[in-house]
Amino acid sequence: MVDKCFSRVKYCVLATGWLVGFMILTEFATRFLVMYVPPLKTRIDGGGIEIYAREGYGIIRYEKNYEIASPYSDGEVIIVLGDSYTHARQVPWWRNYTSVAERTLRAQGWELDLKNFGYMGQSLPYYIGIAPELIGEYSPRLIVIQAGRVDFLSPGILDVTKPFYFALETDGTLTLQKNKNKGSHFTHQQRIVSFPLLFFTDLTNLSIVKTIRLREGERREREEIQLSISEDAWGEIDSTDILRQEIGMLEAQYGQIPIIFIIRPTFDRTTLRFKYTKEDWRLISTLESHADWHVVRLDEAFNASLQKGISPIGFGNTSPFSGHWNVHGHAIVGSQLAEEIIHVLESARGMSK
C-alpha cells in the first residue's frame, strides 16, 4: 500500500516536473524567438531589445526616450514621427525606412541624425502634443511625419484613451487635450501588469493579453467612445474646418521648422495597385500649399515595384498584399525620404545665400 502511494506521488512529481519544464522551454522560445517586449525602464533609459514575429520578423533596439535606434547618432537632428509603419516592428530596426534614409544621406555626405519616435497607434494629436518637448530637447533641423488621411480626419483623433487627443466643442472648435493617466509623452505606452509566471500568453493569444494591456476602466472608456462618436455623427462634421484647425495647430507648434509628410497610399485589391483617394489628394494638396511643408508620395514607386514582381507590403507569415511595409517597402520609403530631405535642405541653403 505504501509502495503504491509512493509510486503515485512519484509519477505526479515527474508529470509536474515535465509540465513545468515544457512550459519554461516554451516561454523561453516565445520570449526569444516569437515575442518579447523589454521592460519599460529600458525603453525610457535606452538599451531595451524588442522581438516581434507575429507579422514579419522584427528586432527593435530602444535608445533614450523611446527612440528607436538608427545607424548613426551624431550630426544635425531630424525628428521622425509616425504610427506603426514608422515604429516598424515587422522588420529589423536597421532596415526600417528611417535607417535606410539615414544611411543614404550619409553616403551622399549629409551628416544627419534621424531620430525615430514612431509608435504604433498614434495620430496627429500625438504629433502635435509632443512637439514642445521634442523641440526643446533636440532642436531639430527638420520634422518628418508619416501619416494617412485617417490620422487627420477620422473619429480616432477624438479617442480619449490616447496620450493626446482632440476634443470637439459644441461650436466646432478643436482643442488639444492630454490624457493625464498616460504620464509624460516619452512613456506613452499603456502600463503593463507583470506576471512573471504567466506562460503561453503570446502563443495562445488569450484574453489575458488584452487584460494586461488595458488599465482598469479603459475598456469602458473605449465602449463609450464607440457609442458617443458614431460614423453618422462624424459624417455631419465639417472636415474642411477640422483640417483647417489642425493645420493651424501644426503651424503653432512647429513654427518655421520644415515638415516632410509621408502619406500612405491604400492598396486596391481589385486593380492590385496602390492609389490615393480623392480625400487623400485633397489632404496632399492642402499640405503642399504650405510654404514650409513637403509631401512624399509613394503610389508610383510602390506600383513600379509591383510591376517588377516585388510587393512592398506583406510577409511570409501573413496573407499576400496585406499588412505593413516589408523590407522592400521600407527601402522604397527610405530612398524617397532621403531624396526629399536633400531637396528641402538644398533649397533652404540656396535661400540663405
P(r) histogram, all alpha-carbon pairs of the stretch 24-136 included - 5 Å bins from 0, percent: 2, 12, 20, 23, 20, 13, 6, 3, 1, 0
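If you stretched the chain out fully between residue 170 and residue 14, how much longer would it get, using 0.36 nm times the residue separation minus the C-alpha to C-alpha distance?
Values: separation 156, 0.36 × 156 = 56.16 nm, distance 6.71 nm.
This chain segment gains 49.4 nm when fully extended.
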What is the Cα centroid distance between the stretch 292-353 and the stretch 136-179, reported in whole angstrom? 24 Å
With r defined as the distance between the Cβ atoms of residue 45 and residue 76 and R0 fixed at 25 Å, what FRET efficiency is calculated, to the nearest 0.05? 0.55
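Count charges around residue 326 for me, please; just the other residues with Cβ under 15 Å from its Cβ, Lys/Arg as +1, Asp/Glu as -1. Don't skip to the answer; put the middle values down first.
Details: positive: 54, 89, 95, 264, 308; negative: 55.
Taking every other residue near residue 326 into account, the sum is +4.
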Exposure proxy ranking, count of Cβ atoms within 10 Å, fewest first, for 142, 158: 158, 142
So what are the ³J(HN,Hα) numbers for the stretch 61-77, from phi and the Karplus equation (6.51, -1.76, 1.60; θ = phi - 60°), rounded to whole Hz, Gly and Pro as x? 10, 8, 9, 4, 6, 6, 5, 8, 4, 9, x, 10, 9, 10, x, 5, 8
Given a Förster radius of 56 Å and the C-beta distance between residue 257 and residue 24 as r, what FRET efficiency does 1/(1 + (r/R0)^6) yield to the nearest 0.05? 0.65
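May I ask which of 41/178; 162/275; 115/178; 115/162; 115/275; 64/162 have a Cα-Cα span longer than 26 Å here? Can you show the working numbers first?
Working: 41/178 22 Å; 162/275 29 Å; 115/178 23 Å; 115/162 22 Å; 115/275 29 Å; 64/162 22 Å.
Result: 162/275; 115/275 exceed 26 Å.
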First obtain the Kirkwood hydrodynamic radius of the stretch 91-153 from its Cα pairs, then insert it into the Stokes-Einstein equation at 25 °C and 0.890 mPa s, and state the resulting D in µm² per second as a whole number. 184 µm²/s
Sticking with the crude label model, points 7 Å out along Cα→Cβ, report the distance from residue 241 to residue 268 in nm, one decimal please. 3.3 nm
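Here, each number is a calculation from the coordinates, and none is a lab measurement. The model shown is predicted, which means the values in this text are computed figures rather than measured ones. Cβ sites come from the backbone with ideal geometry, for glycine too, and all protein chains shown count toward neighbours.
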